[in-house]
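Inspection log for the structure reproduced underneath, given as C-alpha cells.
Values quoted throughout were computed directly from the atomic coordinates according to the rules given, and no laboratory measurement underlies them. These numbers were taken from a predicted model, which means no experiment stands behind them. Note that we place each Cβ from the backbone using ideal geometry, even for glycine, and neighbour counts take in every protein chain shown.
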Amino acid sequence: MSITIKRVLVTGGAGFLGSHLCDRFMKEGWDVVCMDNLITGNENNISHLIGQPGFEFVKYDVTNYVHVPGKLDLILHFASPASPIDYLEMPIQTLKVGSLGTHKALGLAKEKKARFLLASTSEVYGDPLIHPQPESYWGNVNPIGYRGVYDEAKRFAEAMTMAYHRYHKVDTRIVRIFNTYGPRMRLDDGRALPTFMAQALRGEDITVFGKGEQTRSFCYVDDLIEGIYRLSQSEEVDPVNIGNPEEITILDFAKEIIELTGSRSKIIYKDLPKDDPQVRRPDISRATSILKWTPQVPRREGLEKTLQYFKSIVP
C-alpha cells in the first residue's frame, strides 16, 4: 500500500521562522515548497535543504497572483517583514504582504482545498492595557503610528482569514506569535536580542531605549515551532497565543546578555521609540489546554544556543 506524502507551502520560507518550519515539516516527512522574495529572507537559511528530495524553493513575491502546480494540503503564510527596522524601512511592502499577500495565499488555499495557517503576532495587541494578553483582548493599536503598518497589516490579515473561513469555508488557523529568538535571526533586524548580542560580541555600548523598564517575553524558536506544528494539526480555528510567559525587563535582559557573553560593554540609554509597547506577556492557557503545549527550553539554555550562532556570523 502506497503512503500519501503531504505537501505544504511555506511563504516567507527563507526567513527566520519560515526556514525552521521548512525543517520541521521535512523532518515529519512532508514535501515542502518554500516561497520567498528574499527582501528579508536569506537563502543561507535553507541552503542545507536545497537539492533534498521533496524540497523546492521558489523565489516569488506573494503579493502577486500565487500559483503552485500540484496538490497542497497546507499553506503556512509567514511572508512579512517582522522587525521594526524592516517595517519602518518598508512600510508599504509590509502593508501589502499582510493584505494582498494574505488574500492571494487564502485564494490558493481555497483553490487547493488546503488548510491555511496565518502567522499573526502579539503586535495585534499594540501597547496593551490588559496584562498578560489573552486572545480575547482586542488590543490598543495606533493605526496611523509608525508601527501601525505592521500591527494593522496583521490585524487585517486575521480579519481576512476569518472572512475566508466563514464565507468560503476555508479551513483556517491563526497563531499569534510572541517574541521569538534563536539561530538564523538576522544581526541587523533591529530587535533587542540580536542587537544586544552583536553589540556585546563587538565590545560596543549596548543601547537600551527609555529606562529599560519595558518588558518582553522571549520564546526559543524550537518551542515556537512545536506550538505552530501542533496548531497546524489541530482543529482550533480561533487565534492561539504561542510564546513564553516568562517576562523580563529590557534592562535586565541587556545585563543578562553582557553576563552571558562575558563582554565589557556598557549600557547606554536612548529615547523610547513612539508607540513602543510597555509590556508584553502571553496568556498561554488556551495553547496549554487545546494543544497540550508549554515552552520547554529555559531562557539561559536558549540564549547559549543562540550565542553560538551569533559568534559564527558576527564579523
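A few notes on this one:
- Ordering His168, His103, Ser234 by Cα displacement along the dipole of the chain toward the positive end leaves His168 in first place; charges were set at the Cβ atoms of Lys, Arg (+1) and Asp, Glu (-1).
- Bridging of Lys59 to aspartates and glutamates at a Cα separation below 20 Å is possible for Asp23, Asp31, Asp36, Glu43, Asp86, once same-chain residues fewer than 8 apart are set aside.
- Here's the picture: charge each Lys and Arg Cβ at +1 and each Asp and Glu Cβ at -1 in region 243-315, and of Ser312, Val297, Thr249 the one pushed furthest to the positive end of that dipole is Ser312.
- Gaussian network model of the chain, Cα within-10 Å springs - most flexible of Thr94, Thr121, Thr207: Thr207
- Centre separation in Å (Cα based) which lies between region 257-315 and region 221-247: 17 Å
- Under the combined filter of DSSP loop state and at most 13 neighbouring Cβ atoms within 10 Å, region 60-118 retains these trypsin sites (Lys or Arg not before Pro): Lys71, Lys113.
- Mean residue ellipticity, 222 nm, helices only, the chain: the sum of -39500 (n - 2.57) across DSSP H runs of n ≥ 4, divided by residue count and rounded to 500, is -11000 deg cm²/dmol.
- Relative contact order (%) - criterion: Cα under 8 Å, at least six apart; region: the chain: 17 percent
- Remark: region 117-274 is approximated by an ellipsoid whose semi-axes, taken from the C-alpha gyration tensor as √(5λ), come to 32, 18, 13 Å, largest first.
- In a DSSP loop and with at most 13 other Cβ atoms within 10 Å, the GluC sites (Glu not before Pro) in region 23-71 are Glu28.
- Loop-resident sites, region 235-290, for trypsin sites (Lys or Arg not before Pro), counting at most 15 other Cβ within 10 Å (DSSP): Arg264, Lys266, Lys274
- P(r) tail for region 234-310: Cα pairs beyond 15 Å make up 70% of the total.
- Structure note, pairs Lys27/Lys113; Lys266/Lys305; Lys27/Lys255: Cα-Cα distances above 26 angstrom occur for Lys27/Lys255.
- Here the Gaussian network model covers the chain, with springs between Cα atoms less than 10 Å apart; of Pro53, Pro282, Pro245, Pro53 fluctuates the most.
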